[in-house]
Amino acid sequence: MPTTPRGYARRRWFSRPRLVTGAAVLMLLSAIVTPAQAEESSTGSPPGTSSASVPPPQPTPAAQAMARLKGHRHSKVCGDAPPGYASCHAEIDDEVAGPLAAGQLLPAGYGPADLQSAYKLPSLTAGTGRTVAVIDPYDAPTVEADLAVYRTRYGQGPCSSASGCFRKVNQAGGTSLPSPNAAWAQETSLDVQMVSAACPNCNILLVEANSNSLTDLGTAVNTAVNLGASAVSMSFGGPESPGITGYDALYFNHPGIPLVASSGDNGYTNATASPTVNYPASSPNVVAAGGTTLTLDTSKVRGWTERAWGSTGSGAAGPGSGCSAYEPKPAWQHDTGCPNRTVADLASVADPSTGVAVYDSTPSSGMSGWMVFGGTSAAAPVIAATYALAGPPPAGISPAQLAYGSPWALNDVANGANGTCNLPYLCTAGYGYDGPTGLGTAQGLTAFTPSSPPSFTDIPGSYPFYVEVTWMAYNGITTGYPDGTFRPVQPVTREAMAAFLYRLKGSPTYIPPVISPFRDIGLLSPFYKEITWLATTGITTGYPDGTYRPSDPVNRDAMAAFLYRLAGKPVYNPPGASPFADLTPASPFYLEITWLASTGITTGYSDRTYRPLNPVNRDAMAAFMYRYNAKNGR
């Protein structure tokens, strides 16, 4: 750190450490172990936060062993379909099938507890009385018995036709079922069991269409809604064609009912060339489900990390994304690269390398028993079940519109790609909306309900950093000032920076030292715990004269250093040619600043400057932390 402040006077709370002993020490420690009360006061749950009375369960041992699935071969369960027909979007792990090994308690692949943990779903307390409909063609003859095996293995209660929890009908609502199809039976088991995983208290309605034509599948959707579905999962799709807007009016127009369709598994596609984006995911009446790679990471506050499933390689599998050639852009979608509808809206786990466990006893291509599946067919039923957990949207509000109004309440995914394209956001995950993952993945139910966001009187919805500031408040990283303001253009002080970073890391358990490491702060100083935590972790070393200078503003160069250290000082080779006109490789914090730029957390100013000695304002700091979280995880 520099030895003198850059043009700002410093305030000193104590000129030297004060000695305290006995009961006074205990009293002071008990006071400072709780979050500091100052301009950034602390509350329990931030306004607008969706919380459950029972926390999501912990990940299973199977989640900790997912690495063994990496490198496995995968294949599509269904072949591609011609216009007017649909294919399933399931990808199967070709190397996992059969009964559990002797002594094996849980199958390979993520189970209900893993999904509920990753997406903060209140599955144990919500969903009662709601029905998720699953639409698939052909009969899955063992689906109910397979669901019973799945639920028993994972400790879920029975869900059967005898109890009324499970019901299977044909596309007209009758009991005369279509002919069976083994490949689609695997898809059906995947869909039904993912609904059960995300919403075990929900009823499940399986409507089996006569064939995989969009006419039959659409008829089944109408039947599901007429029979009282709270949400509809559609893990199928086919290429767009000029007549699809007619299907919208006939089959996929059910205001107030979330219709969730898988976006496909062929990666980014161009609207004007084959293959096109998938329909019905491209319908403005439907929530399009993208896909991610979900990885357990207990070093993070969330416990998980996600990236867009796929790669930039030609022909590589990945969630479908791109621009519709025929469907108009809905009023609630505001990306500028597609004049028409853009796919996708939301995402969930879909990479078969981090796939989900499914039990299916109907053999297909020699595979049955416990298997691992991925594809956006896994994502659609999880998202549909999440809508069911949240309850019905208000009248006149599209289910997808809810998420577009609350992006701050989702896990923004900013890594990974599903192809190459001229407009990067259509095929590369980034900050905010992107094609492969849409707005992101569930972080509880807030984005799936009509919610009141945490608000500040000086941050209107039109404010440039509204989403980032609201995200900070929603996650308890900022509480603003007691008068209800955020004061976005005020510089971030060094003491406030300590509080922000401490909360960004989840307010870890930490007992601060009795003897201050800095001579200008002491036990009674605001944010003493947060500042000393910052020093203990090595994120700050203070100044050479032994001070921390808590009320000094944080400059942009020091901010880069703080975030680089918070990320664990990742290995990084700074470029020989500076990306900024006002920096050279000899500039202080050059490595840290160029690392920040390489991640996209900062882009600098339009004149190619970084302005390292400028103080960083509170609104810009909100943007930096939002992007840091999306890129690195908390």
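Quick notes on this structure:
- The set of residues in region 536-550 that are open to solvent by 10 Å² or more (accessible area, probe 1.4 Å) and free of Cβ contacts under 8 Å to residues at least 60 places away in the same chain comprises T536, T537, G538, G546.
- Residue tally, condition closer than 21 Å to G480 by Cβ and not in a loop (DSSP other than H, G, I, E, B), over region 433-456: 1
- Check on L206, under 23 Å from G320 (Cα atoms), open to solvent by less than 10 Å² (accessible area, probe 1.4 Å) and aliphatic (A, V, I, L, M): no
- When residues of region 282-324 are limited to those that are closer than 30 Å to T60 by Cα, open to solvent by less than 20 Å² (accessible area, probe 1.4 Å) and assigned to a loop (DSSP other than H, G, I, E, B), the one modelled with the highest pLDDT: W309
- Number of positions in region 543-581 that are farther than 17 Å from A498 by Cβ and more than 36 Å from the chain's Cα centre (by Cα): 2
- You will find that of G237, G243, the residue that is modelled with pLDDT under 95 and over 12 Å from T131 (Cα atoms) is G243 and no other.
- Remark: V96 falls outside the filter, which requires a residue to be buried (at least 24 other Cβ atoms within 10 Å of the Cβ) and touching a residue at least 40 places away in the same chain (Cβ under 8 Å).
- Only one of A102, A113, A145 that is small (G, A, S), surrounded by fewer than 24 Cβ atoms within 10 Å (Cβ to Cβ) and without any contact (Cβ under 8 Å) to a residue 12 or more places away in the chain: A102
- Within region 205-228, being outside any helix (DSSP H, G or I) and among the hydrophobic types (A, V, I, L, M, F, W, C) holds for L205, L206, V207, A209, L227.
- Check on L591, farther than 30 Å from Y481 by Cβ and open to solvent by less than 40 Å² (accessible area, probe 1.4 Å): no
- You will find that of D483, D557, the residue that is under 23 Å from T599 (Cβ atoms) and without any contact (Cβ under 8 Å) to a residue 60 or more places away in the chain is D557 and no other.
- Residue in region 67-77 that is at pLDDT 95 or above and not charged (D, E, K, R) present: yes
- Test for R618: is it over 27 Å from N475 (Cα atoms), at pLDDT 95 or above, basic (K, R) and in contact with a Phe, Trp or Tyr (Cβ under 8 Å, 6 or more places away or on another chain): no
- P574 over 16 Å from G538 (Cβ atoms), assigned to a loop (DSSP other than H, G, I, E, B) and touching a residue at least 24 places away in the same chain (Cβ under 8 Å): no
- Unique match (being in contact with a Ser or Thr (Cβ under 6 Å, 6 or more places away or on another chain) and modelled with pLDDT under 95) among T479, T541, T493: T479
- Taken over region 394-432, the residue count meeting the criterion of being open to solvent by 20 Å² or more (accessible area, probe 1.4 Å) and part of a helix (DSSP H, G or I) is 6.
- Residue match in region 123-135 (condition: out of contact with any helix residue (DSSP H, G or I) (no Cβ under 7 Å at 6 or more places or on another chain) and among the small types (G, A, S)): yes
- Odd one out for D607, checked against (1) open to solvent by 30 Å² or more (accessible area, probe 1.4 Å); (2) closer than 28 Å to I477 by Cα: (2)
- A residue that is farther than 25 Å from N632 by Cα and either touching a residue at least 60 places away in the same chain (Cβ under 8 Å) or charged (D, E, K, R) (or both) cannot be found anywhere in region 585-600.
- For beta carbons closer than 6 Å, sequence separation of 6+ or different chains, a first residue in region 189-213 that is touching a residue at least 60 places away in the same chain (Cβ under 8 Å) and a second that is part of a loop (DSSP other than H, G, I, E, B) and among the basic types (K, R), the qualifying pairs are C202/R130.
Residues checked against (1) under 27 Å from L147 (Cα atoms); (2) small (G, A, S):
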site: T293; (1), (2): yes, no
site: T312; (1), (2): no, no
site: R341; (1), (2): no, no
site: A347; (1), (2): yes, yes
site: F373; (1), (2): yes, no
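- Extreme residue, nearest to R618 (Cα to Cα), among residues of region 440-494 that are open to solvent by 40 Å² or more (accessible area, probe 1.4 Å) and of a type in the set (G, A, S): S455
- Scanning region 610-622 for residues that are outside any helix (DSSP H, G or I) and open to solvent by less than 30 Å² (accessible area, probe 1.4 Å), we see that the one that is nearest to R487 (Cα to Cα) is V616.
- Taking strands (runs of 3 or more DSSP E) as the structural unit, those lying wholly within region 325-393 and holding at least 1 residues that are farther than 25 Å from A403 by Cβ correspond to 356-364, 367-374.
The values are calculated or read from the model by the stated rules, or taken from the named source; none is laboratory data. Everything quoted here is computed from the prediction, not taken from an experiment. With ideal geometry, Cβ positions are generated from the backbone for all residues, glycine too; neighbour counts draw on all protein chains shown. SASA here: full protein model, heavy atoms, side chains in, ligands and nucleic acids out. Shrake-Rupley method; radii C 1.70, N 1.55, O 1.52, S 1.80 Å.
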